[in-house]
Structure formats: structure tokens, C-alpha cells
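Trainee: Here it is, the structure in full.
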Protein chains: 2
Amino acid sequence: MALTMIGVFDSGIGGLIVLKALIQNIPDYDFIYFGDTARTPYGTKNPNTIIDYTLEGIEFLLSLGVKMVVLAGNTVASLATDSVQTRFNVPVIEFITPAVKLAVKTSRYQRIGLIGTPATVMSGAYEKKIHNENPATKVYSAACPLLVPLIEEGWHRKPETKMIVKKCLIPLKARQIDTLILGCTHYTLLTATIQAKAGKQVNLIDPTGCIADSLKTFLSKHREVDKTLSKNSILRLVMSDVTARVEKLAGSILKRNFPIDVCSR
Amino acid sequence: MALTMIGVFDSGIGGLIVLKALIQNIPDYDFIYFGDTARTPYGTKNPNTIIDYTLEGIEFLLSLGVKMVVLAGNTVASLATDSVQTRFNVPVIEFITPAVKLAVKTSRYQRIGLIGTPATVMSGAYEKKIHNENPATKVYSAACPLLVPLIEEGWHRKPETKMIVKKCLIPLKARQIDTLILGCTHYTLLTATIQAKAGKQVNLIDPTGCIADSLKTFLSKHREVDKTLSKNSILRLVMSDVTARVEKLAGSILKRNFPIDVCSR
């Protein structure tokens, strides 16, 4: 049996933050990442478009021989998890379910906030899963579409970004949330600012931090999958569009420069 | 002979600002607008990707029967004008050439600034055309990728946007530019802020303001094209992705709600 890599998919470069968590936690495994940078961002687009693009992305990874996939973006995981599971007969790992379990388990007053892209917030995916865990939990959401471009331009620490974060959180603070889910991988890079503006009494839940445990748990329960996976610490990056900007962002997230292959569109 | 509409193309909704100028100035003509919202934005992507997407967009408009096209975005016009002219045998109207002529003609000290997307700035299209007009003109450029998302989120008048505009213009002000080209259609909606931060001694040139005259001049010189164009004041909008957000943005730019057709991807 040919050994295979784990496929990791996102709409752009944000999923590299997830990939980094995976290679830090299970460094032996081989990964192939596909970011659809030619059509990024997904988070302001129509749900049907997001589902179609995700199915195309997963199909591309499967054509490269992967036998399991990680959905490494919140927009993708919120909108397309069910479609991917229905269409393809491979294990699918996503981080919304474990993040929701953690949030509901640790929330003191069951008042949970969510920030993410417009598509993630409007999908209601987090809300639905939270209510599956605890129907009494109050969920308050805010779309913060400006944070992704600010982070991608390297403006993390600028005063304008702090002011915008503060404004995004006003409606959630007014609801006295005790827990805040960072429903967009990019926001991991803004954790300190978000914590400062949300207030120290608010517990931040970063789904990115749940992914490695989720994958490890799956592999320990499914030895038949685990034994087919190659473990040579190989990492391959593929994107649908590569620019100097993408290479720089990828290098700054992974803290190392990797060659990026371009897939034909 | 069947009468035909004028095709107007852009990567997203920004070109609606150009379309608005066209229908205000030549209201009798029929227009069909195609915005590639499913893959927007183009301005941070690779030149080859931008050219491929533009050729596909123009091909789609031609399949609907248009006999001439307006390139209604700066990124598209900067990168793909030559490719469109080479590939398709139809008249192509763009606004960079007339904007450059106006800038060079009116600049007092021949010190011209340009702001736009990374792709527009890096293409060197404006710079090359300026030097064709006057090789001695100094050109200074700055990419301002944050302004498009701020404008699309309706943050035109917020203090954060004014602070970011000020920072974008610092390198150009340091070069003592006397003229500033607004090399992105979205910036038309930020004119007052840009003028305030650039200083009143700086003359702003908005290419969007050149498009109607450019088209009128072309039609007066090419009566054989003009007589094939239908003139029933019909406007049709087609986008590759439609969301409530896109409909709202389109309505706010055109000051009227139009139905938007979705083309299949």
C-alpha cells in the first residue's frame, strides 16, 4: 500500500497558521497544503460559491493522493464540512466542533461571543453546534471583515488596528460575553490585541489550538488510517496563485521559507 | 445588423463607479456590466492570473454579444489592456492613457504621485505611459491595499480610515508631488479625505473622470462602431457571485437598486 500525506485546505494563506500547529504537534507526519490564493478571500462570498470552491480544492488534493483532509479555515469549515463529507469518502478533520465543546465546557455564564468573516457568522455553523451542546447558551456574533486585510498587510500592532478591534468588539462587550471564539485563523495573530480590548475577564477560544489534538485523537482511534500515512516530516505547499506577497506572508507565518508550487487553474 | 450593448468589465464592484460616470454622461447608450466578484480582488494577485481572469471576463462579455469593451478597473487596465487588444478584435477603451495625458499636461513641476493596488503599482503601467508623454517627469508610487476593504465596509468617513490614508501618503508627500493620480476606482469615494491628507496644493487626477470623454471621443471618431450600438438606456448587471453585501454596495454606488444576474462559474 502506498503511504500518503495528509491534505490541508484553506481559501488562502490563513490555514498556514493551522498547518504550523499541526507540524509543531505531530512533526513526523507528511503534509500537503493547498491554499486557493487565486480566488481568496472566500469570507465575503456566497455560500454556494464557497462550497463549490472547497469541493474543487479537496478534489485537487485527492488527485494528489491524499487520503484524509483537514479543513484549515473557518469559512470553509463553517460552510462546506457537510458537503465535503457527503461528496468524498475520506476522513475530514475540522476544528469548529472541538472549539465549540471547549467553549461551552469552560464558559461560566454561558454567554459566548464569536468573531469571524461575514460568511462564517452568517452560516450559523458555530451557533448551531453550540446549541447542540447546550441549548441554553447565549451566542452573540460580529463579522469583522477588516481584520484579515490589516493582518495580511502586517498592521497587527498599529494603533488603527487596535481601534478597529475595539469597535468590532463593542456589540459583544455590550452583551457581557464571558467567552470569545476567534472564528478566523488570522485572528490568532491578533490574540494579544483582542484580549486587551475584550477585557481580561473574557476567555478567548482559538479553534486553531484545537486542531492538533483533534487530529491526534482521530489517528489514535483509527489505526487503520494512521498506518497508511507517511511519516518523513515532509511538507509541501501548493497554492493557486503565488506572488512575492504570498511568499512573504507564508514565510512569516511558518517562520521558515518553503518553496511554493503553483497549481494550474 | 443587430444592435449591441457596450460591455464594461472589472474585477468586482469598483467598476460600477466607472459605469455610473458612463451612464451619467452618455445616458442613451445600452451597457452590460460584468464584475468578477467570485474571484475579486485582483489587485493582490499575480499578473498572469489577472491577465487570464480578464481575458475570461472579456470572452464572457463577447459571448453575450457586446462589440466593444470598457476596462473599468485600474488593475485590469494596467495589467491586461495589451493582452485584451491582442486577443480580441474589438475596440477597447481604458482610462489610464487619458488620465496620464491630463496629469502630465497639468503637473506644474512634473512630480507625479500614484496610489493603487499592489498589482497596479508594480505593473509600472502608469509610469511607462507618463514617461512616454514626458521622459523627465518624476513618478512616485505607493500601494494602498487597505483602502479598498475600508471603502467596501463603508468606513469612508471613520477616523481610522483618515489615519490610514495619511500614512499611505507620507512617502509621496516626502517627494513633494504636485499631482496625485487615484489609481483605483474605489478611491473616488475617498476623494475628500485624500485631498485633505495630500494637501490642497496637490492636484488630484481621477481616471474615472476621464472615461466618459474617452468613450465619447472614440465614438465620434468611429461612426461605423457608434451606429451599431443600441441606444435604449438599458443597463444590465452581471456578476460571478452575488451576496446581500454586493447588492448593497452596488445600490449605494449606483444610487439605485438594479437586479444583478449571476453568471455560472
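Nothing in this text is a laboratory measurement; each read-out follows from the coordinates by a stated rule. This structure is a prediction, so every number in the text was calculated from the model and none was measured. Quick reminder, even Gly has a Cβ in these numbers, built from the backbone with ideal geometry, and neighbours come from all protein chains shown.
Trainee: What Cys residues in chain B are without a partner cysteine, judged by a Cβ distance under 4.7 Å?
Mentor: Within chain B, the cysteines lacking a partner Cβ under 4.7 Å are B:C184, B:C210, B:C263.
Trainee: Follow-up question, since we're still on this one. Measuring label to label, 7 Å along Cα→Cβ, what does A:K221 give against each other copy in nm, shortest first?
Mentor: Once sorted, the set of distances for A:K221 reads 7.0 nm.
Trainee: Between A:R256 and the same site in the other copies, what are the distances in nm, shortest first, taking label points 7 Å from Cα along the C-beta direction?
Mentor: List, nearest first: 5.9 nm.
Trainee: Measuring label to label, 7 Å along Cα→Cβ, what does A:A136 give against each other copy in nm, shortest first?
Mentor: 8.2
Trainee: Rounded to the nearest 0.05, what FRET efficiency do A:A136 and A:Q24 have when you use their Cβ-Cβ distance and R0 = 60 Å?
Mentor: Working: r = 36 Å, r/R0 = 0.60.
My answer for the efficiency is 0.95.
Trainee: Where in segment B:86-115 are there trypsin sites (Lys or Arg not before Pro) that are in a DSSP coil and have at most 15 other Cβ atoms within 10 angstrom of their Cβ? Provide the component values of the computation, followed by the final result.
Mentor: Values: sites: B:R87, B:K101, B:K105, B:R108, B:R111; in loops: B:R108.
Here the sparse-neighbourhood loop sites are B:R108.
Trainee: Tell me, what is the Rg over Rh of the protein assembly as shown, with Rh the Kirkwood radius over Cα pairs?
Mentor: Values: Rg = 24.5 Å, Rh = 24.6 Å.
On the Cα set of the protein assembly as shown, Rg over Rh gives 1.00.
Trainee: Of A:C263, A:C184, A:C144, how do they rank once you tally other Cβ atoms within 10 Å and put the fewest first? Show your work: numbers first, answer last.
Mentor: On the way: A:C263 17, A:C184 28, A:C144 25.
In increasing order of surrounding Cβ atoms, one gets A:C263, A:C144, A:C184.
Trainee: Can I ask one more? Shielding of A:237-243 by partners, i.e. mean partner chain Cβ atoms within 10 Å per residue? Mind dumping the intermediate values first?
Mentor: Numbers: counts 0, 0, 1, 3, 7, 4, 8.
Mean shielding count: 3.
Trainee: If the viscosity is 0.692 mPa s and the temperature 37 °C, what translational diffusion coefficient in µm²/s does Stokes-Einstein give for segment B:156-199 when Rh comes from Kirkwood over Cα pairs?
Mentor: Working: Rh = 10.7 Å.
Taking Rh from Cα pairs, D becomes 306 µm²/s.
Trainee: Next question. Going through the cross-link list A:K138/B:K248; B:K129/B:K248; A:K45/B:K158; B:K173/B:K255; B:K128/B:K227, which pairs have a Cα-Cα distance over 31 Å in this structure? Provide the component values of the computation, followed by the final result.
Mentor: Numbers: A:K138/B:K248 29 Å; B:K129/B:K248 36 Å; A:K45/B:K158 25 Å; B:K173/B:K255 34 Å; B:K128/B:K227 34 Å.
Pairs exceeding 31 Å: B:K129/B:K248; B:K173/B:K255; B:K128/B:K227.
Trainee: Additional query: Looking at segment B:96-207, I'd like the Rg to Rh ratio, where Rg is from alpha-carbon atoms and Rh is Kirkwood's inverse mean 1/r. If you can, show how the numbers build up before the last one.
Mentor: Working: Rg = 13.1 Å, Rh = 13.8 Å.
In segment B:96-207, Rg relative to Rh is 0.95.
Trainee: Across peptide A:47-53, what mean number of C-beta atoms from other chains lies inside 10 Å of a residue's C-beta?
Mentor: Numbers: counts 1, 4, 9, 1, 0, 2, 3.
Taking the mean over all residues of the peptide, I get 3.
Trainee: Something else about it: Projected area of segment B:1-118, taken from the Cα convex hull and averaged over every viewing direction, in nm²?
Mentor: Values: hull surface 33.4 nm².
So the mean shadow area of the Cα hull is 8.3 nm².
Trainee: Give the Rg (one decimal place) followed by the Dmax (whole number) of chain A, computed from C-alpha coordinates and expressed in Å.
Mentor: So, for chain A, Rg and Dmax equal 17.8, 56 Å respectively.
Trainee: I'd like the distance separating the alpha-carbon centroids of segment B:182-215 and segment B:128-173, in whole Å.
Mentor: What the calculation gives is 10 Å, centre to centre.
Trainee: Here's another thing I want to ask about it. Enumerate the aspartates and glutamates that B:K200 could reach by cross-link, defined here as Cα to Cα under 19 Å, with residues fewer than 8 away along the same chain left out.
Mentor: Straight-line reach from B:K200, under 19 Å: B:D178.
Trainee: What translational diffusion coefficient, to the nearest whole µm²/s, does segment B:1-56 have by Stokes-Einstein, given a Kirkwood radius computed over alpha-carbon pairs, a temperature of 4 °C and 1.567 mPa s viscosity? Before the final figure, lay out each step's value.
Mentor: On the way: Rh = 12.5 Å.
Reported coefficient: 104 µm²/s.
Trainee: Name the long-range amide H neighbours of B:G113: under 5 Å, sequence gap of 5 or more, or other chain; modelled H, no Pro or chain starts.
Mentor: When sequence neighbours closer than 5 places are left aside, the close amide H contacts are B:Y140, B:D178, B:T179, B:L180, B:I181.
Trainee: 222 nm [θ] for the protein assembly as shown, helices only, -39500 (n - 2.57) per DSSP H run of 4+, per residue, to 500? Walk me through the numbers before you get to the answer.
Mentor: Values: 24 runs with 245 residues, N = 530.
Per the formula, -13500 deg cm²/dmol.
Trainee: Report the calculated FRET efficiency for B:E224 and B:Q85 (r = Cβ-Cβ distance, R0 = 25 Å), to the nearest 0.05. Write out the running numbers ahead of the final one.
Mentor: Working: r = 18 Å, r/R0 = 0.73.
It comes out at approximately 0.85.
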